Each structure stands twice: as structure tokens, then as C-alpha cells.
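Colleague: I am attaching a structure below and will ask some questions about it afterwards.
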């Protein structure tokens, strides 16, 4: 009897904790898996729990399938809370599980009640994470998991919700896909951009609290082999979209849609972040035993910022400061311990007002030993490029051959004293960040290992550099809409660049002005484009290996149409105009993609080769068999292929061809049946009341039978010509896939 009463009291106590907690969501992050001498694995993970109050209590994650021999948990520590009204809090706990070597995967699970009161009326929640325990052929280490989290309480005005960017960072460099959990459908009018991991709106969202359960899956960007402790292995192909993920973590969070506010402009009522605040997705570094500080600034002109909400690790401290001009700042401090070594720690933060909050920004902090060299580079900024220079004397033992920019196809050059790189604002992985009061173009220099290296004794390098421009200098429009100057650096070619322009006519002398972008065109019009290369070397050849069209400026978009591929012309309307060895001028007939796409970008892959190199890619020309491609650049001085883009071309009105047209002016491909279009017939311009062979005049005159017969014969010839015209046109229709009829609009 006493035991039963005790059990009831315990149940009531647990229910009391759950109801007090008012579950707001949670996240799980993994540290690198370690293999012990006895052959078992140690899997260490951290769980952050969000709630209304009582966040110093957490239930325990359990291993699925009996794969664990033991689980050791730390105490639960509260990391942040709403000190004023106690509307939200967050806590973190770490745990270490010992896993049998006979297993190929490891999974965690927890469930409970209750979600905070929400529009969807959900109550029960389930936490889940699953990790593949294979050793990767690309890194020679055990597989890792995506890193993600959110602040405890997200608030967005109803009239301001359009997009919420979530954190989805993978330490292995894998591609992360975000999607709604299968057993938890999306709240009404919320959609997920799986590739960008962004929550978007498909209509007006309802006022109230909404709860979200997402799965983050990582898949390799290239083919890898996973090897397991029992000696078995499996090939994971990057193209296999049906294969299970390398790791899967569940992210749960709540978002309150609050009533509309007068203005959604950032910095008005909704705080906007200012310069010196890290950008979303930045990877920062901390050292064991040394204080790490995260600094953020925000401003709201028409209200006051009273706090910053921060999602971070245990033992962080937060110092808030505001002033009289609607500005506020926060400094978050944290000292990593030896147990945090090699941990990837997610931080998220928002600036809080009584009515709403800023956008959420998240960064990842990687904990290292003192082996990573960090420093500021000497940067020279100009209106269209930036040049970075590193003093060799300040970095003894650093080899430029093992340094790379954010885009690994761009390399660096060196002289006796400096390591240098030059790039435009749209190349080499340079990113544009809007930091409220300024625009920042950012890149970084990193060290890397060769794919076949098992060990390394080189120091790691991580150097960020950037160029900043006040918003009063209007460069953003040119950056977004008119990309013409592309500047690269490679060790064997020095600094070189390309200009990619749209011209007004076939003379290729008059460029379309930057202010005219996006360029408005009509279907069937001829578009004139030209690429010009410039290099420090005197004798080089430009080779355009490929050109393709996409509906946006992402050259990796799966929706694309090839104009040139492997150096071979693929579009029948494309015509190349004679030019010198560093120029490539061409024209192509305007087309658009099927579906709701109103613009087209043209992206080309270009290569520079040293003149006279017989076996260079430039000398090979068109390759009908790509497997014959030779890429031993060490024997032939040539650059890697660099993508350059131009556009957009925006379609307006329609360009109906004149009746008297050339046979090839209506060339249409139909390699894809879905792209087939039905054009109304176009007849030759034969008039009934004018011309030598008007039928009405012929019948109203006393023309002789001979003349009439002659006219009839000529009519037959004309009809035969018309029939032949349409036969040729029909054949041409089978050669083109992406032209959309102007009559579709």
C-alpha cells in the first residue's frame, strides 16, 4: 500500500514537472565519436531543452535497440531565461554512451508531454537522433552529425513573417536537407525550403503559437565508402537520394505569431543587427582554456531593446548594455573545457523588445587546441575587387600550396615576402552580408589536407578578411543584377579575370548599361553576349568549355539547358562570331523555361591556357566523348574551369515573327516531351486583294485559259513551297526543348 502511494506521488511529481515545463522544443548535437582501446565507441552528445519555466529539469534520452552498455549524464544547467516575465528558458545537459562495436548505427529517443498550448493542439512530443558509425573514406574519421539549435522562444508579427533561416551546419561538409517529420505535418501555410533549411510562408499564417518538428538529414556531396568495426564496408553515392542519411537529428521548436505591427522594416519596430555582429552561419573558433566572446549589436528606432535571447552551451555568461538611441549590445562569454575539445557548438541569438524580436542569427563555434592560426589579413578594397596579402614572416612554416579560399578552385600566389590573392566580389566564394548599416563582402583563407593524407604535421590556418561599404554607396544593385567583372588568382597563372557582357547588336561594341539590368527581351529575339579574358601572362588562349541557362543565378540548379557542353555547340540557334584568342562573342535566340519562370541566367565555364600547349584543354576543343578529357594541368599550363554568369534576361511581351521568315528562325527542340509547345501556324504573306496573283482579280477578268492554267500551276508551286516550309519547320521543332510559346502568356 505504501509502495503504491509512493508510486502515485512520483507520477504526480513527474506530471507536475511536465506541466510546469510547457515544452517549447529541444535539439541534440553530437561530438566526434571516439573509438576506445577495447573496441567500443564513446558517443558524447548534448541536449538543449526549451520551455516556459523549470528548465533545470530534463528527462533522459535512451539508446534504441540495446546498443549501449552504459550512459553517463551530467547535471542539468540552465543557460538562459527571461528574467523579467519568465516566459522562456533554456537548459543543457551532456551525456556519454558506450556503444558495442558490432553495431553500425546508434540512435537516441525520448518522448513526453506536453507541448505548450498551440494552434495545432499537439500535446505529445518525441525527440530522436540516429548516427551511422562508419569510418569515412574522405576524412579517415568516424562520421559526424549536423549541428543545429534555436533560441527558446521565437516571435514574429503576422504581417512580417516571410522566412526564418535555421541553422544547419555539418562538420563533415556534407549536404544537409531539412524537412518536416513524417508524423508531424506542417502547420497551415508554413513550408520548408529543404535545401536552404528555411521556414517560409505559403499564405497568411495564423496568430498564435505553432510547433514544429523537423528532421535534418546529411548526405555526402561526393561518393564515399563507409567502413565498420566488423570489417564490412558500403559505398555511399552522392546521387543516391533514396539511401539512408549518414546522420539524422530532430529539431523541435515553437514559434509565436503575434498580431501585426505598423511597420515590418528592419530597425523600425523590429530590431536589426548592426555591424560587428556575426553573420548567420558563420563558423568561429574557440580555444580550450581560453575565454571566447561573442558580440552582437542591434537597433530599433521606434522602441527599446530590453534583452538578447541566447541559445548557447553550459556555463556561458551574458552581459547586456543599451543606450538612449534605440541601440543595444550583448557580450556572451564562454570558456571551453578539455572535454569540449573538437566540439562544434551552436549559438543562436535574437534582440528582444516587448512587442517582437529581431531575426534569429546562428553561428557555430569549433573548439580547438592552440594549433589554429587566426589573424587579420592586409586587405585592399576597390569598387569591384579586393586584394589580400599575408606576411610570410608572421606565419613561419606556412605553405601556400596548402591554403585555399572559400572556393577551392581559386588559389593563391606568393613572392619572397607575401602570400597574395585577388578576387572580385562575385567570385572565389565571396559572400555578401547585409549587416544593417553596412554591406560586407567576406571571404576566408583556410588550410586543407590532401585526400590521401592519413596524418599531418602542418599547422591549421583560419583567416577571415572582408571589405565593408556604407549603404550610402549604392553598390548592392550592381552586385545583384550586373555581374561583369570576375577576378581570380591561381599559383601558375597569377591574377587573371574575365568580363561577361550583354551587347546591343552583332558588332559587340555597345554594352547594355548596368542600369538596364535586368535586361528585358522578347522571345525569338537574338541576344548578343561576349566574354573577354585578361591575364598577367602575355600569350594565353580563352576556351569556353560550357555555357548553360538556368532560371536563377545558381549554376548548380538542376533545371538547366545546355548551350555549349564539353566545348561542343548544343543549341542550333547559337552562333559564334570571329574574335581574338582572348575573346568569345556569340549570339543566341531568346527562349524561356517552361513553367512560371520569367527570367534566364547564362553561366559559362571558362579556362585559360598557355598558347602553344598542344595537349591543353583549349587545344582539345569539342569532346564528344568526355571520358577522353585530359586534365593533367601540371604538364600543360592552364587554369581550372571557373563559372561566370550574366543576367538576368527578363521576358516581356512577345516577339511574333514576320510572315516572311527564315526557316531556322523558329527552331524548337522537343527532346523533353514536357517542354513541347503548340505554335499557331504562320503562313506566307499572300494577300487576296494585292499582288500579281490575287485570286479575286484573276476570276473577274477575261483571262485566257492558258494564263489561268499558268496561274493555277504557279499556285501549286506556292502551295508546295508552303508545305515544304512547314515540313522543315516541323523537323526543326524536334530539335529544341526549352522555347515556350509566346501565346502561353
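Bear in mind that the values in this text are calculations on the coordinates, not laboratory data. These figures come from a predicted structure and were not determined experimentally. Here the Cβ is made from the backbone with ideal geometry for all residues, glycine too, and neighbour counts use every protein chain on show.
Colleague: Could you state the per residue volume, in Å³, of the convex hull enclosing the Cα atoms of region 181-323?
Modeller: It is 211 Å³ per residue.
Colleague: OK, next. Average projected area of the Cα convex hull of region 491-589, in nm²?
Modeller: 7.8 nm²
Colleague: Looking at the calculated P(r) for region 255-313, what percent of the C-alpha pair distances fall above 20 Å?
Modeller: Beyond 20 Å sits 42 percent of the P(r) for region 255-313.
Colleague: Between region 145-203 and region 57-135, how many Å separate their Cα centres?
Modeller: 20 Å
Colleague: Region 213-276 to region 524-549: how many Å between their Cα centroids?
Modeller: 37 Å
Colleague: Could you work out the relative contact order of region 224-304, using alpha carbon pairs under 8 angstrom and six or more residues apart, expressed as a whole percent?
Modeller: Once divided by the residue count of region 224-304, the mean separation gives 25 percent.
Colleague: Quick one, what does Rg over Rh come out to for region 266-369 if you take C-alpha atoms and the Kirkwood Rh?
Modeller: For region 266-369, the value is 1.01.
Colleague: Determine, from the Cβ-Cβ distance of residue 141 and residue 301 and an R0 of 56 Å, the FRET efficiency 1/(1 + (r/R0)^6), rounded to the nearest 0.05.
Modeller: Using R0 = 56 Å, I get an efficiency of 0.70.
Colleague: Okay, moving on. Within a 10 angstrom radius of the beta carbon, how do 406, 37, 48, 221 rank from fewest other beta carbons to most?
Modeller: Ordered by Cβ neighbours within 10 Å, fewest first: 37, 221, 406, 48.
Colleague: Compute the relative contact order of region 266-369 as a whole-number percentage, counting only Cα pairs closer than 8 Å that sit 6 or more residues apart in sequence.
Modeller: 37 percent
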